[in-house]
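For reference, the structure discussed in these notes is given below.
The values are calculated or read from the model by the stated rules, or taken from the named source; none is laboratory data. Just so we're clear, the structure is a prediction, and the values are computed from it rather than from any experiment. All Cβ positions, glycine included, derive from the backbone under ideal geometry; neighbour counts span all protein chains shown. With ligands, DNA and RNA removed, areas are computed over all heavy atoms of the protein, side chains included. Shrake-Rupley method; radii C 1.70, N 1.55, O 1.52, S 1.80 Å.
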Amino acid sequence: MAVKVSPSLLAADFINLKDELRRLEENKVDMLHFDVMDGCFVPNISFGIPVLESVRRSCDMFLDVHLMITRPIRYAERFCSAGADLLNVHLESDSRENIYK
């Protein structure tokens, strides 16, 4: 089985994001992991569609988008249109319950 390297965008230096993306491409990482958190399904908040669109315009890497959001199906098409090559969702995230009330 081949090993794939997928660094998380959350570990990037956001002040120098374009340089970080260029460095990852130069080092030929297999894909970029893009964690999307809404503050409801998981307690943290990260970034969303506008950042994904900017990253897509800035690099040619395979973008593995991990939707840790409530009811992700309502956003799936928009994330794909914004540049996601792969969407990962949690089966249990389709619940209308907010577990962090």
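Surface composition of the chain: carbon plus sulfur atoms contribute 53% of the solvent-accessible area (1.4 Å probe, protein chains only, all chains present).
Where (i) 39, 25, 20; (ii) 43, 36, 23; (iii) 58, 32, 25 are the candidate values, the label of the one calculated here for Cα extents along the principal axes in Å is (ii). Of the peptides 43-50, 75-82, the order by per-residue mean of other Cβ atoms within 10 Å, starting with the highest, comes out as 75-82, 43-50. With both bridge residues required to lie in the stretch 1-79, what share of the DSSP beta bridges run antiparallel, to the nearest 5%? Roughly 10 percent of the DSSP beta bridges within the stretch 1-79 come out antiparallel. Only Cα pairs under 8 Å and 6+ residues apart enter the sum, and on that basis the relative contact order of the stretch 22-101 stands at 33 percent.
Surface listing: Leu24, Leu9 arranged by accessible area from highest to lowest gives Leu24, Leu9, probe 1.4 Å.
At a probe radius of 1.4 angstrom, the accessible area of the chain per residue rounds to 65 square angstrom.
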